[in-house]
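The values are calculated or read from the model by the stated rules, or taken from the named source; none is laboratory data. Computed from a predicted structure; not experimentally measured. Counting neighbours? That spans all protein chains shown, and the Cβs are built from the backbone with ideal geometry, glycine included.
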Amino acid sequence: MNCLHVPRMMMPLEGTDLYKWSVIACDQYTSQPEYWKETEHNVGDAPSTLRLTLPEVYLGEDGEAKRVEDIHRTMEQYLQEGILQELPAGFMLVRRNFGKQCSRWGLVAEIDLETYDYKKDAYSLIRPTEMTVEERIPPRLRVRQTASVELPHIMLMIDDPERAIIEPLVDRRDEFRRIYGTDLMQEGGYVEGWLIPEGKDTEFVIRQAERLADPAVFRKKYDLDREYPLLNFAVGDGNHSMATAKAAWENIKAGLSEEQRSNHPARYCLCEIVNVHDESIEVEPIHRVVFQADTDELLAEAKTYYEKAGCRMSVEEYSGKDSRGAETEEAHCFTLCSAGGWKTIKVINPKWGIAVATLQSFLDDYLTHHEQSRIDYIHGSDVVESLGTKEGNLGFFLPEIRKEDLFIGVIKDGVLPRKTFSIGEANEKRYYMECKRIRPTDN
């Protein structure tokens, strides 16, 4: 079954201020309400994707239901007033510049949700790289289930070392119609997009992407000694949003005929496809901050926890070396920061395969016994330091991850622990731009 589908995307009416239209993914800066207040100030009353999404910093707060109602009403308003305009069918070639040496190139396309599954033991052609926390789906589902429009911040990774899918289009970008180009607010850099019209170029992309999951090519590429389930795409960012799209589609299709299921717009989900070998791709560890926790108590419980698991834990004063975490077969190390100072935690003879699993298994256990404490997952080390050194908080730094290991890790070992890695820093996450309908029109 082919994973890719050619969408009919929507963009705001020509003349719309795209700087105000485009805001960062809703699952970023979840512990920094000041970021979202600044975004509100920047947007003002202008048409914006801020009005079409629910920043997760507001989840669980009073007024959440009202926010969801406003989102659905604004979607209908933008459609009826022509603020959203449909483009010809095609893919969108996207260039994102963060002010670094290399730009990131991606291709916005639709994927068939019938080829994706987020369950732990899933063997679908599209699979998550990290464990999906199903409890995080319902809040998102309240927005998605009856929405008329979707906006993607999902990033799908392909393992294309030959650079045979996206890069040929990059070389020919001047042949295509440039749809947009704009600066992005809050240090988001610059983004531009070219429409790749449906036809020979989109067919080429679909064929080349399908070849990545050809059984013979797959076995040779990964030097596999036995049969493993084929993997075409791996979800790099936005896994819970994609899982929500899948859950919504499962609810919708239950009431449809086979014919209706085959072409219903909610069956397909917009994503940006990025080659893991793109020079701009930097796989960053996702760090942890625990709020309302006592340092001495947590460390004592960690020591007991690891000893029961057959490991040994030591705590040393942080030496200030370049790496704030390390991972070997013999030991997994983490740096902890708090208002009381910095320490290095070393777990010797770990029973877990990777450092993040060693840390997360303990934190999961700790949080079940300390209801007053909570955890957040932070992309930037500077934010971890800022939050972790406040009284009553603790910050944990995870070791670096090699991007080349992502696909073979998922193929051989299954999904990684949740919030293992991130593609780039928080300000490099996808900003909303393109949209599409996910509810059939009357005509």
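Selection of the stretch 160-175 for residues being more than 23 Å from the chain's Cα centre (by Cα) and closer than 13 Å to TRP105 by Cβ yields PRO168, LEU169, VAL170, ASP171, ARG172, ARG173. Filtering ALA213, ALA234 for residues that are of a type in the set (Gly, Ala, Ser), in the same structural domain as TRP105 (by TED's automatic domain parsing) and touching a Leu at 6+ places or on another chain (Cβ under 6 Å) leaves a single hit, ALA213.
TRP342 meets all of the listed conditions (1) closer than 29 Å to GLY238 by Cβ; (2) modelled with pLDDT of 90 or more; (3) of a type outside the set (Ser, Thr, Tyr); (4) crowded, with 16+ Cβ neighbours inside 10 Å but one, namely (1).
If you go through the stretch 385-443 and pick out every residue that is outside any loop (DSSP other than H, G, I, E, B), in contact with a Gly (Cβ under 8 Å, 6 or more places away or on another chain) and among the acidic types (Asp, Glu), you end up with 3. Scanning the stretch 70-100 for residues that are out of contact with any Asp or Glu (no Cβ under 8 Å at 6 or more places or on another chain), farther than 17 Å from GLU434 by Cα and part of a loop (DSSP other than H, G, I, E, B) gives GLU81, GLY99, LYS100. Would you check if there is a residue in the stretch 191-205 being in a helix (DSSP H, G or I), under 30 Å from THR16 (Cβ atoms), over 24 Å from the mean Cα position of the chain (by Cα) and not hydrophobic (A, V, I, L, M, F, W, C)? Within the stretch 191-205, one or more residues are in a helix (DSSP H, G or I), under 30 Å from THR16 (Cβ atoms), over 24 Å from the mean Cα position of the chain (by Cα) and not hydrophobic (A, V, I, L, M, F, W, C).
Of the residues making up the stretch 213-237, those that are without any contact (Cβ under 8 Å) to a residue 12 or more places away in the chain and within 28 Å of CYS269 (Cα to Cα) are ASP214, VAL217.
Count of the stretch 188-212 residues, restricted to those that are at pLDDT below 95 and under 21 Å from CYS102 (Cβ atoms), is 0. Listed by first and then second residue, the pairs linking a residue in the stretch 97-126 that is in contact (Cβ under 8 Å) with a residue 12 or more places away in the chain and closer than 24 Å to LEU195 by Cβ to a residue that is aromatic (Phe, Trp, Tyr) and in a helix (DSSP H, G or I), with Cβ atoms under 9 Å apart and 6 or more places separating them unless they lie on different chains, are LEU113/TRP249.
Filter the stretch 214-259 down to residues that are part of a helix (DSSP H, G or I), among the β-branched types (Val, Ile, Thr) and either closer than 13 Å to TYR116 by Cα or modelled with pLDDT under 90 (or both), then give me how many there are. Lay out the reasoning, then the answer.
From the stretch 214-259, those part of a helix (DSSP H, G or I) are 215-222, 239-253, 258-259; that's our starting set.
Cutting the leftovers down to among the β-branched types (Val, Ile, Thr) gives us 217, 244, 252.
Narrowing the set further to residues that are either closer than 13 Å to TYR116 by Cα or modelled with pLDDT under 90 (or both) leaves 244.
Looking only at that region, the number is 1.
Within this structure, SER148 passes the test of being more than 17 Å from the chain's Cα centre (by Cα) and among the hydroxyl-bearing types (Ser, Thr, Tyr). With respect to the stated conditions, VAL108 fails to be assigned to a helix (DSSP H, G or I), among the hydrophobic types (A, V, I, L, M, F, W, C) and assigned by TED's automatic domain parsing to the domain that holds TYR180.
Does at least one position in the stretch 73-88 carry a residue that is touching a residue at least 60 places away in the same chain (Cβ under 8 Å), out of contact with any strand residue (DSSP E or B) (no Cβ under 7 Å at 6 or more places or on another chain) and small (Gly, Ala, Ser)? Within the stretch 73-88, one or more residues are touching a residue at least 60 places away in the same chain (Cβ under 8 Å), out of contact with any strand residue (DSSP E or B) (no Cβ under 7 Å at 6 or more places or on another chain) and small (Gly, Ala, Ser).
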